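Accompanying notes for the structure given below.
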Amino acid sequence: MLLLHCPLLLLLLPLGSRPQKFPTRDEELFQMQIRDKAFFHDTSVIPDGAEISSYLFRDTPKRYFFVVEEDNTPLAVTVTPCDAPLEWKLSVQELPEEASGEGSGDPEPLEQQKQQITSEEGTELFSYKGNDVEYFVSSSSPSGLYQLDLLSTEKDTHFKVYATTTPESDQPYPELPYDPRIDVTSLGRTTVTLAWKPSPTASLLKQPIQYCIVINKEHNFKSLCAVEAKLSSDDVFMMAPKPGLDFSPFDFAHFGFPADNNSGKERSFLKPSKFGRQTSSKPRVDLNKICIGNKNIFTVSDLKPDTQYYFDMFAVNTNTNMSTAYVGTFARTKEEAKQKTVELKDGKVADVFIKRKGAKFLRFAPVSSHQKVTFSIHSCLDAVQIQVRRDGKLLLSQSVEGVRQFQLRGKAKAKYLIRLKGSKKGASMLKILATTRPNKQSFPSLPEDTRIKAFDKLRTCSSVTVAWLGTQERNKFCIYKREVDDNYNEEQKRREQNQCLGPDTRKKLEKVLCKYFHSQNIQRAVTTETIRGLQPGKSYLLDVYVIGHGGHSVKYQSKLVKTRKFC
């Protein structure tokens, strides 16, 4: 039988007090004892078969005692360092004959046991130094007072201790498969697919197991406790015990430290959050924990290309909330596909297609010296992002919708790199022209408003009257009509808004007329047109094209109109 208590607890008992009972494996007695908050006032008490979480100050040792009353008792002790290496040692001293259970049957007062035993030096059974989860296991341990000493020389740290006299039946930690490695089955630029063999605790013992994946860029973790410590601030405590599984009926906020106000002035501990684990005011970056249930294959997404990541897998027993670490792995995502750079020729229009959320790179290297360079862009569908760099220096970063022109200062022997980024909605198409000749204008100028206005009061059964804005530049305008079904809607119209498709893609029967138009007074640059020969009660889609001197055309926004049914 394993019995644990702290020497601090002994000092709390008056010499004349009644004998204090240890926690036992008797469930009824055990549950009665844990309801007595005073009994477990100091959390260095470790009951048989329960895991406790505690805290060490740097260079300040901490000691636990537990009693094994009978010889040939199985014993297992597990110590889990969280965020710093630990030095720990397990030793044993003989119990006095009166305390071994062979005397009157009544336990001897704890104070008297302490005086008789702790003055002697115990026999060292096991020692360890490092940050691995380490175990002491014995199938036949002698009776005695066992002493566990822990020390952190690196920094203040958390740790966990679990001890049991029935290791074969308890099995609180999930068992690892015969091959506990994580396999990388697929590798992409932004994704990594992982697979692992299931824990026998789930597949054979049918206990509830869930798997938690941890992703970071620094190193592998040896315990889930270490992950939780990294996710929280350096000087806060770990998750409080769960009700019914360990001793959370009580307040474990200070884990063995005085709860008076003065102690908080020296070390500032965060108060427990309502979720049980304290969170840091400064969240850790590049560390992500994902719990995925009982699946044993998972694809991690949204990673950065050409970046090394470390992956750890933990099997968590959801009944005990205790975990076991698989052997971690690491992988580097693939490099971003190198973009092919398109060379732009001076004064020549280039057609560019960009996939959804994609990007294209273009290069313009004028042959002759120049004072200015002009970039003209015609976005056929949705808005696109343009960036222009000259010899590595950013000159321009803009969103372009419709037709835009940018004039930049030139530089002898300069090279320009243009980056075009597509829309999130769908694929993008555009036309781009780069030139060092300021008078070279391939795209026609457009007004700010490219809508077509229809006059409802001028509608008849066979005609509609529309108007649109022009500019101070003399351009050719052509208007086309197409009959559409009555259920033709705005969504269908939006899909047909490719402004780069010119009049040459239209049927001759759809052409209404072409005319030249401009006005030096921009306020009066408005033209109207009445379209005749339409059918009563029919819907028509109207398009206006403006054609520039270089022959390139730009389409205004389409307009859906309907003639009157009765006149």
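The values are calculated or read from the model by the stated rules, or taken from the named source; none is laboratory data. No experiment lies behind these values; they were computed from the predicted model shown. Note: ideal-geometry Cβ built from the backbone for every residue, glycine included; neighbour counts use all protein chains shown. Areas reflect the complete protein model, heavy atoms only, side chains present, ligands, DNA and RNA absent. Shrake-Rupley method; radii C 1.70, N 1.55, O 1.52, S 1.80 Å.
Among the residues of segment 419-449, those that are farther than 27 Å from Lys393 by Cα and either among the aliphatic types (A, V, I, L, M) or modelled with pLDDT of 90 or more (or both) comprise Ala427, Leu446. Of all residues in segment 531-552 being of a type in the set (A, V, I, L, M, F, W, C) and in contact with a Pro (Cβ under 7 Å, 6 or more places away or on another chain), which is surrounded by the fewest Cβ atoms within 10 Å (Cβ to Cβ)? Only one residue fits best here, namely Ile547. Listed here are the strands (runs of 3 or more DSSP E) enclosed by segment 309-389 that have at least 1 residues being among the β-branched types (Val, Ile, Thr) and under 30 Å from Ala412 (Cα atoms): 341-344, 349-354. Evaluated against (1) of a type in the set (Gly, Ala, Ser); (2) over 30 Å from Ser519 (Cβ atoms); (3) part of a loop (DSSP other than H, G, I, E, B), Ser397 falls short on exactly one condition, (3). The residues in segment 331-348 that are open to solvent by less than 100 Å² (accessible area, probe 1.4 Å) and either among the small types (Gly, Ala, Ser) or touching a Pro at 6+ places or on another chain (Cβ under 9 Å) (or both) can be counted, and the count is 5. With respect to Lys511, is the statement that it is closer than 30 Å to Val352 by Cβ, in contact with a strand residue (DSSP E or B) (Cβ under 6 Å, 6 or more places away or on another chain), open to solvent by 80 Å² or more (accessible area, probe 1.4 Å) and charged (D, E, K, R) true? Answer is yes for this residue.
Given the condition assigned by the TED database to the domain that holds Ser423, surrounded by fewer than 16 Cβ atoms within 10 Å (Cβ to Cβ) and among the basic types (Lys, Arg), answer yes or no: does some residue in segment 395-407 qualify? There is no residue in segment 395-407 that is assigned by the TED database to the domain that holds Ser423, surrounded by fewer than 16 Cβ atoms within 10 Å (Cβ to Cβ) and among the basic types (Lys, Arg).
Of the residues that make up segment 150-164, is at least one open to solvent by 60 Å² or more (accessible area, probe 1.4 Å), out of contact with any Phe, Trp or Tyr (no Cβ under 8 Å at 6 or more places or on another chain) and outside any loop (DSSP other than H, G, I, E, B)? Scanning segment 150-164, I find no residue that is open to solvent by 60 Å² or more (accessible area, probe 1.4 Å), out of contact with any Phe, Trp or Tyr (no Cβ under 8 Å at 6 or more places or on another chain) and outside any loop (DSSP other than H, G, I, E, B), so the answer is no.
Considering only residues of segment 470-480 that are surrounded by fewer than 20 Cβ atoms within 10 Å (Cβ to Cβ) and modelled with pLDDT of 90 or more, which is nearest to Lys555 (Cα to Cα)? Of everything passing the filter in segment 470-480, Cys478 is nearest to Lys555 (Cα to Cα). The C-beta contact set for segment 542-567 (first residue farther than 11 Å from Lys476 by Cα, second residue acidic (Asp, Glu), distance under 6 angstrom, 6+ apart or interchain) comprises Lys555/Asp543; Ser558/Asp543. Would you say Lys555 is open to solvent by less than 50 Å² (accessible area, probe 1.4 Å) and of a type in the set (Lys, Arg)? Taking the combined requirement at face value, the residue satisfies it.
Pull up segment 32-51, narrow it to residues that are β-branched (Val, Ile, Thr) and open to solvent by less than 10 Å² (accessible area, probe 1.4 Å), then point me to the one that is modelled with the lowest pLDDT. For segment 32-51, the residue satisfying everything is Val45.
Being buried (at least 17 other Cβ atoms within 10 Å of the Cβ) and over 20 Å from Cys380 (Cβ atoms), is that true of even one residue in segment 419-426? Within segment 419-426, not a single residue is buried (at least 17 other Cβ atoms within 10 Å of the Cβ) and over 20 Å from Cys380 (Cβ atoms).
Of the residues Leu204, Leu176, the single one that is of a type outside the set (Ser, Thr, Tyr), in contact (Cβ under 8 Å) with a residue 24 or more places away in the chain and either open to solvent by 20 Å² or more (accessible area, probe 1.4 Å) or assigned by the TED database to the domain that holds Tyr128 (or both) is Leu176.
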